[in-house]
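The values are calculated or read from the model by the stated rules, or taken from the named source; none is laboratory data. As the structure is a computational prediction, the values presented were derived from the model and not from experiment. FYI the Cβ positions are ideal-geometry reconstructions off the backbone, even for glycines, and counts take in every protein chain you see.
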């Protein structure tokens, strides 16, 4: 770090940290934001005004870093809510069926298992699966047919007992 920026934070770092700490939920967040403020100050070190204008300039940088932090939190919270909504719409098979299916799938090679689950659970076509796993579509169709046969035979229950 340049000597100018070091001196700036030696003089005003604790005040800026206090400013940030009063505006966020945790001291850890305030420390992270102070680090970001230091980084911005270092990048813009040629723009740092001489005292007594350096302190207000540094508060302005911290204020912008804080605004970015709050915007980021709002976006994250909105994404979390959207994801929670999606998760609530996911259908999960009954546990007893799921255990049998998972056992049958476990007998497959990992790539074949992925192909079968992309087809059955994600409802992708052979062409779409081919793009996902980076194989030719005819290869995917062949592997899917063989894997389905293995899963079907593993799920067949002997009813003669």
**Asked** So how many residues does the range 1-19 have that are part of a helix (DSSP H, G or I) and either more than 17 Å from residue 66 (Cβ to Cβ) or outside the structural domain of residue 44 (by TED's automatic domain parsing) (or both)?
**Response** 8
**Prompt:** Quick one: in the range 128-150, which of the residues that are over 33 Å from the mean Cα position of the chain (by Cα) and either under 14 Å from residue 102 (Cα atoms) or in contact (Cβ under 8 Å) with a residue 24 or more places away in the chain (or both) is surrounded by the most Cβ atoms within 10 Å (Cβ to Cβ)?
**Reply:** 150
**Asked** Quick check, is residue 154 modelled with pLDDT under 90, over 30 Å from residue 33 (Cα atoms) and in contact with a helix residue (DSSP H, G or I) (Cβ under 9 Å, 6 or more places away or on another chain)?
**Response** yes
**Complete:** Of the candidates 30, 82, 104, the one satisfying the condition of being outside the structural domain of residue 148 (by TED's automatic domain parsing), within 30 Å of residue 120 (Cβ to Cβ) and either at pLDDT below 90 or surrounded by 11 or more Cβ atoms within 10 Å (Cβ to Cβ) (or both) is 82
